[in-house]
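Take a look at the structure below.
The values are calculated or read from the model by the stated rules, or taken from the named source; none is laboratory data. Quick caveat: nothing in here was measured; it's all calculated off a predicted structure. Heads up, the Cβs are rebuilt from the backbone with ideal geometry, glycines too, and the neighbour counts pull from every protein chain shown. Remember, those area values only see protein heavy atoms, side chains included, never the ligands or the DNA or RNA. Shrake-Rupley method; radii C 1.70, N 1.55, O 1.52, S 1.80 Å.
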Amino acid sequence: MKRRSFLTGLGAAGVAGAVGGLSAPALLSSAGRAWAQSGEIPVGLLFSLTGEVAVVERTLHDAALLAIEEINAAGGVHGMQLKTFIEDPASDPATYADRARRLFIRDKCVSVFGSYTSASRQAVLPVVESRKGLYWYPTLYEGRECSRNIMYGGAVPNQQQQEFVPWLFENFGGRFYLLGNNYVYPKEENNVCRMILERLGGEVVHEEYVPMGHSDFSSVINRIRSNTPDVIFCTLVGDSDVAFARQYHAAGFDPEKMPVASLTRSEVEVAAIGGDAAAGHLSSAPYYMGYSSPENERFVEAYKSRFGSNQVTHFVSEAAYFQVYQFKAALEKLDPANITPEAIRDAAGGIAINAPQGEVVIDPNLHTHLWPKIARWKSDGQAEILVQSAERVAPDPYWAYEGEVCTGEGLVRS
């Protein structure tokens, strides 16, 4: 049967089921049996390959694709191959939502892996919840979200800021300049930073936000020079971070005295910035390319072999990679005839895998236990790890806010 006829047939089955009282789980189970018969499991990749965040998202796409190719080369899951459907949302939040609908509705993807910014995740959120799908989000984010349809692979504020801000305070001083792009992630992370600083006795000397893709930081540089903060706490992403870092370096600021401390800068941004301009500045993340482990050595070698010897891995591409293996581990726990997004989600809770950063575990709240690290960038584009957590840190997406807890049953308010 041709693919178009097959998809049309599935659509007709959905209509007939609605008339006849067939439940949504029964329809999904029917789809699972169809996938088992076809020998393929449909999965989607929803990463921007064009636009202002493509500098980062292309690497996430590549890392997820690498994991899919490795799994397929090893025989797939239950003897079935992962069939990949790729969409490019071109860095536009509204387009993420539209392409997510395609992947869930037209392509019947049992899971979709995608996106970098919180704006794009929040655009996809109502789509994935209304379709009862499963969305694997690899990026650090601001927390304060507790969806049962999203698997969160990146760090939340307690896994980046809980140790980082006090360490900055102790080593550089308590006068912080907060700078980010104008969307939800930087504003929420900076709010958490402000709360930690207040507890420590520090202060925010200035806070400002620029549009996505903003590239002229001359006025920002002038305000920094005027305010003379101890730390530039930075949540710029993509092209904006690259432009700011170059201009900050050109302005002659000394990172030994006034570092840029970033939650978002990784090896991929540093490669675009240039080693000399990035050297001496700081980042907080659960993974760095130079981290020593057998799993990381294999990951870096495979990534370079597949995408080029000049390519770099980083803390979001690592999560995009290990999330595909978490997905595989969940599938392996299921009957091939009963593969549904809900079943995958329920099977995923508690799964532990040896990721490049160390063993990571999926919490019942669908976030991930990670290994926080603080590092200083070197002129060769790699990071020197200065502080490493002695143990895995549990995710608490509502850590800074009293009375709200994300649990295995969803958000609980007291």
Summing Lys, Arg as +1 and Asp, Glu as -1, what charge do residues with Cβ under 10 Å from the Cβ of residue 371 carry, residue 371 excluded? 0
Subtracting the Cα-Cα distance from 0.36 nm times the residue separation, let me have the gained length for residue 413 to residue 305 in nm, one decimal. 34.1 nm
Charge dipole (debye, nearest 20) of the range 133-202; +1 at Cβ of Lys and Arg, -1 at Cβ of Asp and Glu: 120 debye
The chain, Gaussian network, Cα under 10 Å: of 110, 205, 165, the residue fluctuating most is 205
Kindly point out, ordered by number, any Cys in the chain whose beta-carbon has no other cysteine beta-carbon under 4.7 Å away. 109, 193, 234
Mind giving me the nanometre distance, one decimal, between the label points for residue 222 and residue 90, set 7 Å out from Cα along Cα→Cβ? 3.6 nm
How much area per residue is accessible in the chain when the probe is 1.4 Å and only protein heavy atoms are counted (Å²)? 38 Å²
Check residue 355: other-chain or 5+ apart residues with amide H under 5 Å from its amide H, H built from backbone geometry? 360
Karplus ³J(HN,Hα) for the range 139-156 (6.51 cos²θ - 1.76 cosθ + 1.60, θ = phi - 60°; Hz, whole; x = Gly/Pro) runs 8, 3, 8, 7, x, 6, 8, 8, 7, 8, 10, 10, 9, 9, x, x, 6, 9
Under 5 Å from the placed amide H of residue 134, counting only residues 5+ away or on other chains, we find 112
For the chain, modelled as a GNM with alpha-carbon contacts under 10 angstrom, which of 278, 319, 302 fluctuates the most? 302
Tell me, Kirkwood radius of the range 50-168 from alpha-carbon pair distances, in Å? 15.4 Å
Show the residues, 5+ positions off or on another chain, whose built amide H is closer than 5 Å to the amide H of residue 139. 153, 154
Set the Förster radius R0 to 60 Å, insert the Cβ-Cβ distance between residue 208 and residue 342 as r into 1/(1 + (r/R0)^6), and round the FRET efficiency to 0.05. 0.90
Is there a quick way to get the dipole size of the chain? I mean about its Cα centre, with the Cβ of Lys and Arg at +1 and of Asp and Glu at -1; what is the value in debye to the nearest 20? 1320 debye
Pairs beyond 21 Å (Cα-Cα), from 132/328; 108/132; 83/333; 132/187; 108/328; 83/328: 132/187
Using all Cα-Cα distances in the range 81-237, what percent lands in each 5 angstrom bin from 0 up to the longest? 2, 8, 16, 17, 15, 12, 10, 8, 6, 3, 1, 0
Per-peptide average of other Cβ atoms within 10 Å, ordering 375-381, 57-63 highest first: 57-63, 375-381
Do you know the relative contact order of the chain, to the nearest whole percent, from alpha carbon pairs under 8 angstrom that are 6+ apart? 18 percent
Using 1/(1 + (r/R0)^6) with R0 = 56 angstrom and r between the beta carbons of residue 70 and residue 199, what's the FRET efficiency to the nearest 0.05? 0.80
Give the Cα extents of the range 295-414 along the principal axes, in whole Å, largest first. 48, 43, 20
Does anything in the range 236-271 have its amide N under 18 Å from the 7 Å Cα→Cβ label point of residue 386, and if so which residues? 249, 253-267, 270
Considering the options 97, 258, 167, tell which one lies farthest towards the positive end of the dipole of the chain, charges being +1 on Lys and Arg and -1 on Asp and Glu at the Cβ, about the Cα centre. 97
Using a simple spin-label model with points 7 Å from Cα along the Cα→Cβ vector, what separation in nm is obtained for residue 394 and residue 293? 2.0 nm
Simple spin-label estimate for residue 105/residue 257, 7 Å along Cα→Cβ, in nm, reads 5.9 nm
Can you give the calculated 222 nm mean residue ellipticity of the chain, where each DSSP H run of n ≥ 4 adds -39,500 (n - 2.57) and the sum is split over every residue, rounded to the nearest 500 deg cm²/dmol? -14000 deg cm²/dmol
Just how large is the dipole of the range 288-356 about the Cα centre, in debye to the nearest 20, putting +1 at every Lys and Arg Cβ and -1 at every Asp and Glu Cβ? 180 debye
Residue 378: which lysines have alpha carbons under 19 Å from its alpha carbon, excluding same-chain residues fewer than 8 sequence positions away? 257
Normalised per residue, the volume of the convex hull around the Cα set of the chain (Å³): 133 Å³
